[in-house]
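Trainee: Here's a structure for you.
None of the figures in this text is laboratory data; all of them are computed from the coordinates on show. Bear in mind the structure is a predicted one, so any value in this text is a computation, not a measurement. Methodologically, a virtual Cβ is constructed for each residue, glycine included, from the backbone with ideal geometry; neighbour enumeration extends over all protein chains shown.
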Amino acid sequence: MPDRMILAVDPGRCTGCNSCMLVCSFVHDQVFNYERSRIRVWRDDDQGVFVPVTCEQCEDAPCVVICPTGALTKEASGLVARNPARCIGCNQCLSACPIGAISRFGGKWRKCDLCAGLEGVPYCAANCTAGALRFIPASTVAKEKAEKTALRRMKAAETGA
Amino acid sequence: MVDLTRGEIQKKALDPALVRDWLGGRGISVKLLWDLTEPGIDPLGPGNPIIFATGVFSGTMAPSSGRLSITCKSPATNLYLKTNVGSHFAAELKLAGYDLIVVTGASKTPVYLWIDDDKVELKEASHLWGLDTRQADQALKRELGDSQLKTLMIGPAGENLVKFAAVMASIYRAAGRGGAGAVMGSKKLKAIVVRGTTDLKVADPAAFKRSALAARRAIREDQYCWSRSYLFGTAQGILGANEGGTLPHKNFQDGFTPDGHTLSGEYVSDRYAHPEGCSACVFHCGRFSRVKEGPYKGSYTAGPEYETLASLGSKVGITDTAVVIRGNELCDILGLDTISAGSLVSMAMECYQAGLISAEEAGGLDLSFGNAETMLKLIEMMARREGLGDLLAEGAEAVAQRLGPEARMFAISAKGLEQSMVDVRGSMAYALAFALNPRGPDHLMTECLATYGYTPEVRDLAIKMTGTEEAVNPVSPGGKPAMVAWHEEIYAVSDCVGICAFTSTWSYRMSFDNVAELYQDATGIQVGPEELKRIGEKIITLERCFNLREGLSAEQLDILPPRMFVPSKTIRHGEVTLTPGKLKAMLEEYYGLRGWDVKTGRPTPEKMENLGLGQEAGALEG
């Protein structure tokens, strides 16, 4: 499988600033409205936990499988693309998506389209200064995590912990 | 418009004249407060309105634009109060379709205001009365069936009319100063809850896209401020202040805390805290802390901020950050301003040390500096007005009045407000700003950080705005009046458009220029940078006039706590840095710059006419 560019979400780094939601809504619809955003940040204000949820562009996307008209397709770039012209509004994709990344608002269906925003990076990631959203090669995610784990273990070995 | 006496809600379109003359947010609020009040009204009575104002940019992607202004007459000072809070409340309110909420009168029974887009209603809150902010936030989200709501509420402290009760946004973010929480408490208004799902439009989307994204980029490119902010939060200033001898220690007796490094942003972020951000923020200076071991295991809260680390830490002789976090948590859930709360604790400790409070009056508490359990107990006692807490809840100067003249030195407070955690003996810009601040001695109407010249750009800006290199010598009065005037104006404008002062001061990446551009792109209204500055001056002037209208003179208004004229051993060895004479000279230079009467410190009728305040001038003289 080719190493795709993905919109990597790290909830541990999310500060709950909602910049992504505001930017996404605006660059797509020219107005500000969290409901129009294709990325949704869920917040637990009491616990200080914030989790962005958006389309993961699944390799084997259930929404693509279920769509009766072929309005949803997996592109070569990795994007699960939505063609509004073919959509009949049957709503099956809403239920098929295990993440809840396809939303319906104002009579339209919407999902992340990996908008080519600032310098080819989706607008949300380009405007996330907390590092919770990054447009990076998929292989980077595991590599970074593994490196962090290794450094932790090296440190423990040095200190004899 | 919410009339709590009648239980009536009225929606009105915002008067375009108000917008044209006052910009938005804090500007519109001060004009409304002036018009809706008479001098001498009781701040805790039904005649005191409380105005919740979004910024013009709130709810948009303009950087760090989520600030909410709350304006009323202060129960602590009996003077003008503007208090401000971040989080997402202002954004959500704007997305629900509202610019301001004006609350008047008082309800007989506890209520909360529920705003769900165009549906606005007052609801029963007796079952919420007495709950802390965490409990009430949970209860409201459950009863309204939405975990993502934005809440603004008071805790038991506000209900008990504590003079420094705060208004808390989403549990932990505080509009802390001046007792706005007590004003809500006196109105039996427990909370305002909002959900906003309408479309927020701008006048010129293409232009706004360019200018807003450019502003975001400009701020992110300030690597100095961004990295310190993101990595360490506002606590980034603790270490430097301590090393410089200006971090309040033991009730401002001096400015150095031995082993104070455990209160630093570096230490706190390493051990306890991760970043949080307000609406559309670039900096993420917010913190969220959790104590995972030791006697305070299980404590968690947003923060601690610089002010809290000083107020509940160094100033009371405590260096254990876990204690500060627990104290912060208590203040947040009880709805207390941490700055004032810590000031009352350290005052009580010094009074006890001086024998002005007996062990009996202390109810068996050991009020020695550094006693963590005592501090935590006092916080609860103040919020609930129990025992000694009932006296402390009245504020430092009220305590001094009860305990006698010797106690006045131990009240680090002026005009009825406790001073924030900057030792102004080490910073003339802050000394002047604190004296002039209409709500009392704190930094949140100016924030003259440029005086520290921490980057070449900031240094150049400081020298440019004052015309002298003395501007970046903190202990010299040179250039400080001009610096304070400039900061007052940019801060006022920031509070009108709802942007965080860290973008327009500290980082200085938001200026009159790009705010003017964003304002036009967002609203379609053309206001040049010079005009913005002028409106800032107009706001400052009317705020001062509000206080003058209450019958106070400049001599009574432009003051600092008495201890600020007692030399601090840790700023300059034995050298006196601030004297009444030095302050007076700076004040007179400032009055001159403002075009006010230098002798009386009052804006002249001509000056007011010039600013478009002719009507208000008449009311003031008459």
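Trainee: Note down the relative contact order for the range B:2-195 as a percent, whole number, built from C-alpha pairs under 8 angstrom at least six residues apart.
Mentor: It rounds to 23 percent for the range B:2-195.
Trainee: Report the antiparallel proportion of the DSSP beta bridges in chain B as a percent, rounded to a multiple of 5.
Mentor: 85
Trainee: Still on this structure, I have one more. Give me the base-10 log of I(q)/I(0) for the range B:389-496 at each q in 0.13, 0.19 Å⁻¹, Debye formula, one uniform scatterer per Cα, rounded to two decimals.
Mentor: -0.54, -0.89
Trainee: Just tell me how shielded A:8-17 is by partners: mean number of partner chain Cβ atoms within 10 Å of each residue's Cβ, no decimals.
Mentor: Details: counts 0, 0, 0, 0, 1, 3, 5, 13, 12, 14.
Other-chain Cβ atoms within 10 Å of each residue's Cβ, averaged: 5.
Trainee: Give the angle, between 0 and 90 degrees and rounded to the nearest 10, that separates the Cα long axis of helix A:138-159 from the longest principal axis of the Cα atoms of chain A.
Mentor: Value to nearest ten degrees: 20.
Trainee: In the P(r) worked out for the range B:338-412, what percent of Cα pairs fall beyond 18 Å? If you can, show how the numbers build up before the last one.
Mentor: Working: 701 of 2775 pairs.
Value for the range B:338-412: 25 percent of Cα pairs lie more than 18 Å apart.
Trainee: Taking amide hydrogens as modeled 1.01 Å from N in the peptide plane, which residues meet the under 5 Å criterion relative to B:V56, leaving out close sequence neighbours?
Mentor: Distant-sequence amide H within range of B:V56: B:G25, B:V497, B:G498.
Trainee: For the range B:185-232 and the range B:71-104, what is the separation of their Cα centres, given in Å?
Mentor: About 16 Å separates the Cα centre of the range B:185-232 from the one of the range B:71-104.
Trainee: Report, in debye and to the nearest 20, how large the dipole of the range A:56-137 comes out about its Cα centre when Lys and Arg carry +1 and Asp and Glu carry -1 on their Cβ.
Mentor: So the magnitude is around 340 debye.
Trainee: Another question about this same structure. Rounded to the nearest 500 deg cm²/dmol, what is the calculated helix-only ellipticity per residue at 222 nm for chain B, with -39500 (n - 2.57) per DSSP H run of length n ≥ 4? Please list the in-between numbers first.
Mentor: Numbers: 26 runs with 258 residues, N = 622.
Mean residue ellipticity at 222 nm (helix-derived): -12000 deg cm²/dmol.
Trainee: Rounding to the nearest 20 debye, state how big the charge dipole of the range A:1-141 is about its Cα centre with +1 on each Lys and Arg Cβ and -1 on each Asp and Glu Cβ.
Mentor: 420
Trainee: Here is a further query. At a threshold of 8 angstrom on Cα-Cα distance, excluding pairs fewer than six apart, so keeping six or more, what relative contact order does chain B reach in percent?
Mentor: The normalised contact order for chain B reaches 15 percent.
Trainee: I've got another one for you. Pairing the Cα long axis of helix A:19-29 with the longest principal axis of chain A, what angle in degrees results, from 0 to 90 and rounded to the nearest 10?
Mentor: For helix A:19-29, the angle is close to 20 degrees.
Trainee: Which one, B:P567, B:W596, B:M608, is farthest towards the positive end of the dipole of the range B:555-622 when Lys and Arg carry +1 and Asp and Glu -1 on their Cβ?
Mentor: The Cα lying farthest towards the positive end belongs to B:P567.
Trainee: Apply the Karplus curve 6.51 cos²θ - 1.76 cosθ + 1.60, θ = phi - 60°, to the phi angles in the range B:485-492 and return the couplings in whole Hz, x for Gly and Pro.
Mentor: Result, rounded to whole Hz: 4, 4, 5, 4, 6, 5, 5, 4.
Trainee: Principal axis lengths of the protein assembly as shown from Cα atoms, whole Å, largest first?
Mentor: 83, 70, 57
Trainee: For a protection proxy built on the mean count of beta-carbon atoms within 10 angstrom, sort B:435-445, A:67-77, A:93-103, B:208-218 highest first, please.
Mentor: Averaged packing, sorted descending, gives the order B:435-445, B:208-218, A:93-103, A:67-77.
Trainee: Students often forget the sequence filter, so: which lysines lie under 16 Å Cα-Cα from B:K292 once same-chain residues fewer than 8 apart are removed?
Mentor: none
Trainee: Any chance you could run the full-extension gain for A:D113 through A:E75? It's 0.36 nm times the residue separation minus the Cα-Cα distance, nm to one decimal. Write out the running numbers ahead of the final one.
Mentor: Working: separation 38, 0.36 × 38 = 13.68 nm, distance 1.12 nm.
Difference between extended and current length: 12.6 nm.
Trainee: Same structure, new question: From other protein chains only, count the Cβ atoms within 10 Å of every residue's Cβ in B:403-411, then give the mean.
Mentor: Mean inter-chain Cβ contacts per residue within 10 Å come to 0.
Trainee: Right, another one. Pairs of Cα atoms under 8 Å, at least six residues apart: use those to get the relative contact order of chain A, whole percent.
Mentor: Worked out over chain A, it gives 28 percent.
Trainee: Now a separate question. Taking Rh as the Kirkwood radius computed over C-alpha pairs, what is the Stokes-Einstein D of chain B at 37 °C in a medium of viscosity 0.692 mPa s, expressed in µm² per second?
Mentor: On the way: Rh = 24.1 Å.
D = 136 µm²/s.
Trainee: Right, next: On a 23 Å Cα-Cα criterion, which of the cross-link pairs B:K315/B:K377; B:K187/B:K538; B:K94/B:K209; B:K73/B:K190; B:K11/B:K201; B:K415/B:K464 come out too long? Each step should come with its number before you reach the end.
Mentor: Working: B:K315/B:K377 17 Å; B:K187/B:K538 30 Å; B:K94/B:K209 18 Å; B:K73/B:K190 18 Å; B:K11/B:K201 19 Å; B:K415/B:K464 33 Å.
Check vs 23 Å cut-off fails for B:K187/B:K538; B:K415/B:K464.
Trainee: What is the distance in Å between the Cα centres of the range B:243-260 and the range B:478-534?
Mentor: 33
Trainee: Let me ask another. Could you give the nm distance between label points at B:M1 and B:Y224, where each point is 7 Å from its Cα heading toward the beta carbon?
Mentor: 4.9
Trainee: Identify, among B:Y300, A:Q57, B:Y272, the residue whose Cα sits farthest towards the positive end of the charge dipole of the protein assembly as shown, taking +1 on the Cβ of Lys and Arg and -1 on the Cβ of Asp and Glu, with the dipole about the Cα centre.
Mentor: In the protein assembly as shown, that residue is A:Q57.
Trainee: Using the Cα centre as the reference, give the magnitude of the dipole from point charges on the C-beta atoms of the range B:326-389 (Lys, Arg: +1; Asp, Glu: -1; all else neutral), rounded to the nearest 20 debye.
Mentor: So the magnitude is around 60 debye.
Trainee: Rounded to two decimals, what is Rg over Rh for chain A when you use alpha-carbon atoms and the Kirkwood radius?
Mentor: Rg/Rh for chain A comes to 1.03.
Trainee: What average number of partner chain Cβ atoms lie no more than 10 Å from the Cβ of the residues making up A:19-30?
Mentor: Partner Cβ neighbours, averaged per residue: 5.
Trainee: Tell me which aspartates and glutamates have Cα within less than 13 Å of A:K143's Cα, excluding those fewer than 8 residues away on the same chain?
Mentor: Counting by Cα, and skipping residues close in sequence, A:K143 has these aspartates and glutamates nearby: A:D3.
Trainee: Return the FRET efficiency for the residue pair B:T600, B:E406: r is the Cβ-Cβ distance, R0 is 30 Å, and the value is rounded to the nearest 0.05.
Mentor: With R0 = 30 Å, the Cβ-Cβ based efficiency is 0.40.
Trainee: Here's something else I'd like to know. Using the per-residue mean of other Cβ atoms lying within 10 Å as a proxy for protection, in what order, highest first, do the peptides B:393-401, B:584-592 fall?
Mentor: Details: B:393-401: 22.3, B:584-592: 18.2.
Ranking the peptides B:393-401, B:584-592 by packing returns B:393-401, B:584-592.
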